[in-house]
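The block underneath contains the structure these notes are about, expressed in structure tokens.
The values are calculated or read from the model by the stated rules, or taken from the named source; none is laboratory data. Predicted, not measured: the structure shown is a model, and the values here were computed from it. Every residue, glycine as well, gets a Cβ built from its backbone with ideal geometry; the counts of neighbours run over all protein chains shown.
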Amino acid sequence: MPIIKTYRGRFVQYGTTVFERHDRGKTDSCGDTEWTDYSGFGPVHVRDDSGAVLLTLEGVYTHVYGYRLTWSQYVGAEQLLILGDFVFLERTGWLMYSAGTYLLLADGMVDRSDIFDLDNPVSVDVGIGLEPPLKTKAHVHLGEDHVSPCFSGEIPTDAVYEEWSDDQYVAFLESQPKVHTCQGALRVYSKKHNVVERWLFPHEDGALAAWKHLRKTTREDDWIRLQTMLDDAHPIERERILLSFTK
């Protein structure tokens, strides 16, 4: 029976419907015209460890190729990222337009326009270090660059859900030394929103409420709340938090 790994009881499932888009870019003074080919799969779900769907995107562009500066090359990729109790659309790449990490503010069916076409989309830095190779033919969810546990294709009826082991979680944290989590909470930065070393805490009303709470509180408030969580935190989480607040 297939084993599907989870992180905090969740994983990302990529469907098998192919999504493609070709964008013609600007033409420079020498007559060169940029172009970008987006290719991906959908629907993309975040599921819990019972198999229930928590969030859905119609599709995610898991491989982006384009023409830039007189040569064609791999541009980047998108992936859904689960950190703490939050979900993000991660757009990574050297020449990826609108590259960044976007907090998904709602559960259920999420339209891409809900992420990018807001007056003030929530783009944050969560400390994820992703440096995709300049040349690759692999879709990100089929390789080692996908951060969160994921599964491609239909979920088998006999699938067994298994949480990351402590060794697997330690390996993840050690591979991402700038990521600070504490159970379901997550440290974030955002130049766009003038947010410096703050924490997103899970909120019963969802991610949007959690973001609004962050905007109304201070880093001192974060520290007061984190102190109540440290006893149950993973040792690496605890070490990073203490170093952050006592340096």
**Prompt:** Just checking, how many residues over region 220-238 are more than 23 Å from the chain's Cα centre (by Cα) and either loosely packed, with under 15 Cβ neighbours inside 10 Å or within 27 Å of Pro121 (Cβ to Cβ) (or both)?
**Reply:** 11
**Subset of region 148-188 (residues that are among the hydroxyl-bearing types (Ser, Thr, Tyr), within 18 Å of the chain's Cα centre (by Cα), modelled with pLDDT of 95 or more and not in a loop (DSSP other than H, G, I, E, B))** = Ser152, Tyr169, Thr181
**Asked** Limited to region 215-235, what total is found for residues that are out of contact with any strand residue (DSSP E or B) (no Cβ under 9 Å at 6 or more places or on another chain) and under 16 Å from Val179 (Cα atoms)?
**Response** 1
**Message:** Just checking, does region 17-31 include any residue being modelled with pLDDT under 95, within 21 Å of the chain's Cα centre (by Cα) and under 30 Å from His234 (Cα atoms)?
**Reply:** no
**Prompt:** Which residues, taken from region 189-203, are at positive phi and either in a helix (DSSP H, G or I) or of a type outside the set (Asp, Glu) (or both)?
**Reply:** Asn194
**Message:** Quick check on this structure: which one of Phe19, Phe11 is under 25 Å from Pro156 (Cα atoms), of a type in the set (Phe, Trp, Tyr) and surrounded by fewer than 19 Cβ atoms within 10 Å (Cβ to Cβ)?
**Reply:** Phe19
**Asked** Before we move on, is His193 touching a helix residue (DSSP H, G or I) at 6+ places or on another chain (Cβ under 6 Å) and surrounded by 12 or more Cβ atoms within 10 Å (Cβ to Cβ)?
**Response** no
**Request:** Output the number of the condition that Ile115 fails; it satisfies all remaining conditions of (1) within 20 Å of the chain's Cα centre (by Cα); (2) part of a strand (DSSP E or B).
**Result:** (2)
**Request:** Look at region 53-72 and say how many of its residues are free of Cβ contacts under 8 Å to residues at least 12 places away in the same chain and under 21 Å from Thr17 (Cβ atoms).
**Result:** 1
**Item:** Odd one out for Arg219 among (1) over 19 Å from Val87 (Cα atoms); (2) touching a residue at least 40 places away in the same chain (Cβ under 8 Å)
**Value:** (2)
**Message:** I'd like to verify a number: residues in region 58-104 that are of a type outside the set (Gly, Ala, Ser), at pLDDT below 90 and in a loop (DSSP other than H, G, I, E, B), how many?
**Reply:** 6
**Request:** Those residues that are in contact (Cβ under 8 Å) with a residue 12 or more places away in the chain and part of a loop (DSSP other than H, G, I, E, B), I need them from region 204-216; list them, please.
**Result:** Gly206
**Message:** Residues that are surrounded by fewer than 16 Cβ atoms within 10 Å (Cβ to Cβ), on the phi > 0 side of the Ramachandran plot and either among the aliphatic types (A, V, I, L, M) or not in a strand (DSSP E or B) (or both): does region 31-51 have at least one?
**Reply:** yes
